[in-house]
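Down below is the structure, laid out as structure tokens.
The values are calculated or read from the model by the stated rules, or taken from the named source; none is laboratory data. This is a predicted model, so every value here is computed, not measured. Cβ coordinates were reconstructed from backbone atoms using ideal geometry, including for glycine residues, and neighbour counts include every protein chain displayed.
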Amino acid sequence: MGKIHTENKHEKGWYRALAMVVAWLLIVSLARDVWQIRKGFDRISEANRRLLAEEAKNVALKNKMNLVQTQSFKEELIREKLNMQKEDEVLVVMPEIGSIQKPGVNVEAEYVPVWNKWWNLVASN
């Protein structure tokens, strides 16, 4: 009878060990699944962030497209880039602020031919 009693203890030990291994595998599997779900939520939040950025870019492009399609923008572009004006318009060219000269200052220098400059340089030595 003593042998039967010890066999039950060993069998119970094996069952407990087997139950612990199964429990450990379940815990590891559950932890892995939780980690993958968390990574999935991170991917979703990243996709939402990119979506918001693209939507903002889309709104900006739509606003720019609406601006470009206006008649006033087309006229401005034709005037500035193509240097054209309407038939009845007169084009007035104003000098830049920095290029206006003071009265009494002679800007034009006397023209001296190159050969004369060389002759003056050699003869002065």
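Could you say which residue among Val59, Val34 is at pLDDT 95 or above, β-branched (Val, Ile, Thr) and within 18 Å of the chain's Cα centre (by Cα)?
Val59
Could we say that Glu11 is surrounded by 10 or more Cβ atoms within 10 Å (Cβ to Cβ), at pLDDT 85 or above, acidic (Asp, Glu) and assigned to a helix (DSSP H, G or I) here? Even if it seems obvious, please write down each step before you answer.
Working: surrounded by 10 or more Cβ atoms within 10 Å (Cβ to Cβ): yes; at pLDDT 85 or above: no; acidic (Asp, Glu): yes; assigned to a helix (DSSP H, G or I): yes.
Criteria not met by Glu11.
Give me the pairs, please: first residue somewhere in the stretch 67-92 and in a loop (DSSP other than H, G, I, E, B), second residue anywhere and modelled with pLDDT of 80 or more, beta-carbon distance under 8 Å, and either six or more positions apart or on two chains.
Met84/Ile78; Gln85/Arg79; Leu91/Gln85
Which ones in the stretch 94-121 are among the aliphatic types (A, V, I, L, M) and modelled with pLDDT of 90 or more?
Val114
Would you mind stating whether Glu54 is without any contact (Cβ under 8 Å) to a residue 40 or more places away in the chain and either small (Gly, Ala, Ser) or surrounded by 10 or more Cβ atoms within 10 Å (Cβ to Cβ) (or both)?
yes
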